[in-house]
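To start, the structure itself, in C-alpha cells.
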Amino acid sequence: MLPAAIGTVHPTYRTPHVAIATYAAASCLLAISGGFRPLAVIASVSLPLVYLAVCLAALKLRVTRDHPPGAFRAPGGPLVPVLGARYLVLAGGGGMPPSRVPATQSRLTRATR
C-alpha cells in the first residue's frame, strides 16, 4: 500500500524515522491549508483508529511474545485491550460522521465561534 521507504527503521534508535517525518510533513500541510473544523474532524476520526491499533497490538504482543522473569506485565490479562477494542468497534460512532454525534457537534460549534 505504501512505499517500502516509509517503513525504514533508524539503525540506532529503531524508530520509523521516515514515516515520522512523512506524517509530520502531511500534518503541517493540513494545518497550513485547512480550517479548524476539517482538522477537528480528521483528529476525531483518526485518534480512535490509532487507539484501536494500539489495543490490538497489545493483545497480540501479550499472546505471541515470551515474557522473561521480572518483566512488566500489565495486570488484568487481556481484559483492558479487549474491552478497549470492543468499545471502539461497537460504540465508536457506528459510522456516524463526527458532526452528527451530539457531544462532538457541541464541542465543534463552541470551538469555531
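Here are the numbers for this structure:
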read-out	value
Complete set of residues in region 3-19 that are touching a helix residue (DSSP H, G or I) at 6+ places or on another chain (Cβ under 8 Å) and of a type in the set (Ser, Thr, Tyr)	8
Selection within region 29-63 - assigned to a helix (DSSP H, G or I), more than 23 Å from residue 89 (Cα to Cα) and out of contact with any helix residue (DSSP H, G or I) (no Cβ under 9 Å at 6 or more places or on another chain)	29, 32, 33
Selection count, region 38-52, where residues are over 21 Å from residue 87 (Cβ atoms) and surrounded by fewer than 14 Cβ atoms within 10 Å (Cβ to Cβ)	1
Sole residue being outside the structural domain of residue 89 (by TED's automatic domain parsing) and not hydrophobic (A, V, I, L, M, F, W, C), chosen from 44, 27	27
The listed residue being modelled with pLDDT of 80 or more and assigned to a helix (DSSP H, G or I), out of 108, 83	83
Total residues in region 1-14, condition closer than 25 Å to residue 39 by Cβ and either in contact with a strand residue (DSSP E or B) (Cβ under 7 Å, 6 or more places away or on another chain) or part of a loop (DSSP other than H, G, I, E, B) (or both)	2
From the options 12, 64, residue that is in the same structural domain as residue 89 (by TED's automatic domain parsing) and exposed (fewer than 10 other Cβ atoms within 10 Å of the Cβ)	64
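The values are calculated or read from the model by the stated rules, or taken from the named source; none is laboratory data. Computed from a predicted model, the values in this text were never measured in an experiment. No Cβ is skipped: glycine too gets one built from the backbone with ideal geometry, and neighbour counts run over all protein chains shown.
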